[in-house]
Amino acid sequence: MNYRDYLQQLVYRIINPVVHGLIKAGVTPNFITTTGLVLNIAAAVLFVYAGFAGGSTASAWAGWAGGIVLFAGLFDMMDGRVARVGNMSSTFGALYDSVLDRYSELFTLFGILYFLLLRGYLWGSIVAGAAIVGSLMVSYVRARAEGLGLECKVGLMQRPERVVLTAVGAICCGVFRNCTAFDSVYFLTVPLALIAVLANWTAFVRIDHCRKLLKK
């Protein structure tokens, strides 16, 4: 069992009581997926609002936005779990989940990009743009591969890692907003740089993985 599977099973043990409660309440996976999207849109709006705020207040709002992103990530895990445990899986549900996941991530990253632009961090916004490209390409390569009948889940910087890095970076940006040693926004831009590099690298790893499969 790799680290991702271990962490996934650990999170499932934690959220299983909530999952069973949602199933008993008649909550559908698609409703949970939609809620996750709404939360990510709220986080994006908060990032934009933070861009217009002044001084350390801007970083404080960015931190709250990061907390919302992290909370929304739980919904991303619960929708699939509710679908499987509650025997509510469907082909449309899988499509709906994938599409809304992309919207969620794009709204969040665009919100961060706009926040950095408004605060005058030009290079940071460029890094955010590169993270957006990488995030899209990781998902696109997998979707294209699955369209060809190939399984393509390899690579380091998959969606859970991207969500955690983005959220924790934003939270730390808010928590350490009064840091005098260096600008607290670096807590946000450094994780974004990791996503920008490793997500694009993951996309090429997946392309190479598919190349090897197609040569067999």
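Stretch residue 143-residue 91 to full length: gain in nm at 0.36 nm per residue minus the Cα-Cα span?
Numbers: separation 52, 0.36 × 52 = 18.72 nm, distance 1.43 nm.
Difference between extended and current length: 17.3 nm.
What does the convex hull of the Cα atoms of segment 1-92 come to per residue, in Å³, rounded to a whole number? Spell out each step's value before the answer.
Values: hull volume 11.4 nm³, N = 92.
Spelled out: Cα convex hull of segment 1-92, divided by residues, is 124 Å³.
How about segment 150-216: which chymotrypsin sites (Phe, Trp or Tyr not before Pro) there lie in a loop by DSSP and see at most 15 other Cβ atoms within 10 Å? Don't skip to the end; give the middle numbers.
Working: sites: 176, 182, 186, 187, 201, 204; in loops: 176, 182.
When the chymotrypsin sites (Phe, Trp or Tyr not before Pro) of segment 150-216 are filtered for loop state and at most 15 Cβ neighbours within 10 Å, 182 remain.
Can you tell me the length gained on complete extension of the stretch residue 31 to residue 153, counting 0.36 nm per residue apart and subtracting the Cα distance?
Working: separation 122, 0.36 × 122 = 43.92 nm, distance 2.57 nm.
Extending this stretch completely gives an extra 41.3 nm.
For the chain, take the alpha-carbon Rg, divide it by the Kirkwood Rh, and send me Rg/Rh. Can you show the working numbers first?
Values: Rg = 18.0 Å, Rh = 18.1 Å.
Ratio of gyration radius to Kirkwood radius for the chain: 1.00.
Compare 40, 16, 30 in a GNM of the chain, Cα atoms joined below 10 Å, and give the one with the largest fluctuation.
Checking each option, the largest mean-square fluctuation is seen for 16.
For residue 175 and residue 18, calculate 0.36 nm times their separation in residues minus their Cα-Cα distance, and state this gained length in nm to one decimal. Numbers along the way, then the final one.
Working: separation 157, 0.36 × 157 = 56.52 nm, distance 2.86 nm.
Result: 53.7 nm gained on full extension.
Please compute the per residue accessible area over the chain with all protein chains in place, 1.4 Å probe, rounded to a whole number of Å². Don't jump to the answer; show the numbers that get you there.
Values: 11600 Å² over 216 residues.
Each residue of the chain exposes 54 Å² on average to a 1.4 Å probe.
Could you sort 209, 20 by accessible area so the largest value comes first, with the probe set to 1.4 Å?
Values: 209 50, 20 90 Å².
Ranked list, largest accessible area first: 20, 209.
Counting each DSSP H run of 4 or more residues in the chain as -39500 (n - 2.57), what helix-only mean residue ellipticity at 222 nm follows after dividing by all residues, to the nearest 500 deg cm²/dmol? Let's see the in-between values first.
Values: 7 runs with 178 residues, N = 216.
So the helix-based figure for the chain works out to -29500 deg cm²/dmol.
Where nothing but the Cβ of Lys and Arg (+1) and of Asp and Glu (-1) is charged, how large is the charge dipole of the chain around its Cα centre, in debye to the nearest 20?
Numbers: 18 positive and 11 negative charges, 107 e Å.
Dipole of the chain, to the nearest 20 debye: 520 debye.
Tell me, what HN-Hα J-couplings in whole Hz come from the Karplus equation 6.51 cos²θ - 1.76 cosθ + 1.60 at θ = phi - 60° for each residue of segment 178-194, using x for Gly and Pro?
Computed from phi, the couplings for segment 178-194 are 9, 5, 9, 6, 7, 5, 5, 5, 4, 4, 8, 6, 5, x, 5, 5, 4 Hz.
Modelling each spin label as a point 7 Å along the Cα-to-Cβ direction, I'd like the residue 110/residue 207 distance in nm, to one decimal.
In this crude label model, residue 110 to residue 207 measures out at 2.5 nm.
Taking only Cα atoms and a 10 Å spring cutoff, compute GNM fluctuations for the chain and point out the largest among 132, 15, 112.
Looking only at 132, 15, 112, the biggest GNM fluctuation is shown by 15.
Express the C-alpha Rg of segment 94-208 as a ratio against the empirical globular expectation 2.2 N^0.38 Å, rounded to two decimals. Mind showing how you got there, number by number?
Working: Rg = 15.1 Å, N = 115, 2.2 N^0.38 = 13.4 Å.
Taking the Cα Rg and dividing by 2.2 N^0.38 Å, one obtains 1.13.
The values are calculated or read from the model by the stated rules, or taken from the named source; none is laboratory data. Just so it is clear, the structure is predicted and the values come from calculations on it, not from any experiment. Quick reminder, even Gly has a Cβ in these numbers, built from the backbone with ideal geometry, and neighbours come from all protein chains shown. Surface areas here come from the heavy atoms of the whole protein model, side chains and all, with no ligands, DNA or RNA. Shrake-Rupley method; radii C 1.70, N 1.55, O 1.52, S 1.80 Å.
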